[in-house]
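Okay, so here's the structure we're looking at.
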Amino acid sequence: MTTAQASLQDVTLTIDALGSAQAWRSAVIKAQVNGRLLDVPVKEGADVPAGAVLARIDPAPYRAALAQAEGALARDEALLQDAKLNLARDQKLEGQGWIARQAADTQAAQVKQYEGVVAMDRASVQTAQINLGYCNIKAPYAGRIGVRQVDPGNLVSATDATGLLTINEITPIAVTFTVPQGEFSRLAEASNGFKAPLAVQALSQETGASLGIGALSVADNHVDPASGTVALKAKFSNGDRSFWPGQFVNVRLKVQSLPNALVVPLAAVNQGPKGPFAYVVGADHHVAARPIVVAARQDASAVIASGLKPGEVVVTDGQMVLKPGMA
């Protein structure tokens, strides 16, 4: 039979969970136009800045389409200008009574028609410019390049499902995990409805060493009815690349700090028909069953709200054979 003494300690209440690192942002780089892949100027596994050229598609057909659209625009703008000059002359002659009003109205309709054609030509030029720009595929943000899926020389299409390569933003990086809905309520209360940041520590599953301290950034908007859990996401700077997407880590989320709290080993807490109680050893070495109120449990310790005093001795092992008043 073993005993322990109730003592005052500073206690940090935490929630532990299993987490998984994932890219803060991830994109599958796909072609938006069809054509021959000329070049992939980035190396697999390399870090690239935002705006870096990731792939080049043969621009020749799209340059030709742009030139054709610009030519059509120039032609129709000239026709529109001629139609406007004719309209001005017809309106002058119609005012002098030299031509019928119908002729001037017909010329005015001709001007409207060419204005519509020119508007369509300008849209065609913009479309051709956009398609030509798609021939140079650029990084949407800074990140790390994955394994290339298509080699230069292949024909690529906007309908390809696999894409050319992927880019992952890993500085910062995200760690996702779930907590039971009961713990979620504690987190919401501790963070004032997730308005205040909560510190999140990630630990290596292999060694238990700390991989970094982050902050809780996202709480999902529903409880999963299948598991009764809520998904959370924490943000880590990951400047030293301690995390890698897909890596499993242990997550410790700080909920509350209790200074000078009364603590006993969790093994001293027994559950009876009237609630929790502890066997307290008196000065005469006899035990008494005393009701207690447990404020919180953390690891192998229990924080006692009432029922015990600092320095009192409680039984932590062998309670099954005890009865009140036994020596």
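Only the coordinates and a few stated rules stand behind these numbers; no lab work does. Keep in mind the model is a prediction, meaning the values are calculated, not measured. Every residue, glycine among them, receives a Cβ derived from its backbone with ideal geometry; neighbour counts consider all protein chains shown.
Once you list every other residue whose beta carbon is under 13 Å from the beta carbon of residue 58, what net charge do they have if Lys and Arg are +1 and Asp and Glu are -1? It works out to a net charge of +2. Restricting the GluC sites (Glu not before Pro) of region 177-221 to loop positions (DSSP other than H, G, I, E, B) with no more than 14 neighbouring Cβ atoms within 10 Å leaves 206.
Counted without the sites themselves, the longest stretch of the chain free of trypsin sites (Lys or Arg not before Pro) in a DSSP loop having at most 12 other beta carbon atoms within 10 Å is 44-194. Hydrophobic, long helices, defined as DSSP H runs whose alpha-carbon span along the helix axis is 30 Å or greater and whose mean Kyte-Doolittle value is at least 1.0, do not occur in the chain. Once backbone amide H atoms are built at 1.01 Å from N, residue 298 has 303 as its partners under 5 Å, excluding neighbours fewer than 5 places away on the same chain.
Rounded to two decimals, what is the ratio between the C-alpha radius of gyration of region 1-149 and 2.2 N^0.38 Å?
Region 1-149 yields a ratio of 2.22.
The H on the amide N of residue 256, modeled in the peptide plane, is under 5 Å from the matching H of 13, each at least 5 residues off or on a different chain.
Summing Lys and Arg as +1 and Asp and Glu as -1 over all other residues whose Cβ lies under 15 Å from the Cβ of residue 118 gives a net charge of -2. Residue-wise HN-Hα couplings along region 306-323, as the Karplus relation 6.51 cos²θ - 1.76 cosθ + 1.60 with θ = phi - 60° gives them from phi, are 7, x, 9, 10, x, x, 5, 9, 10, 8, 10, 8, x, 5, 5, 9, 8, 9 Hz; Gly and Pro carry x. For the chain, the Kirkwood hydrodynamic radius comes to 27.1 Å, computed from all pairs of different C-alpha atoms.
Annotation for region 23-132: GluC sites (Glu not before Pro) lying in DSSP loop with at most 14 further Cβ atoms inside 10 Å of their Cβ are 44.
In this label model, residue 93 and residue 70 are separated by 3.7 nm, measuring between points 7 Å along each Cα→Cβ vector. For region 170-177, the Karplus equation 6.51 cos²θ - 1.76 cosθ + 1.60, evaluated at θ = phi - 60°, returns couplings of 10, 10, x, 10, 10, 10, 9, 7 Hz by residue, with Gly and Pro reported as x. Other residues lying with their Cβ under 13 Å from the Cβ of residue 199 contribute a combined charge of +3, Lys and Arg counting +1, Asp and Glu -1. Taking amide H atoms as placed 1.01 Å from N in the peptide plane, the amide H of residue 322 has no partner under 5 Å among residues 5 or more positions away or on other chains.
Over what distance in Å are the Cα centres of region 83-103 and region 111-168 separated? The two parts, judged by their Cα centres, are 47 Å apart. The modelled label-to-label distance for the pair residue 142/residue 16, using points 7 Å beyond Cα in the direction of Cβ, is 3.6 nm.
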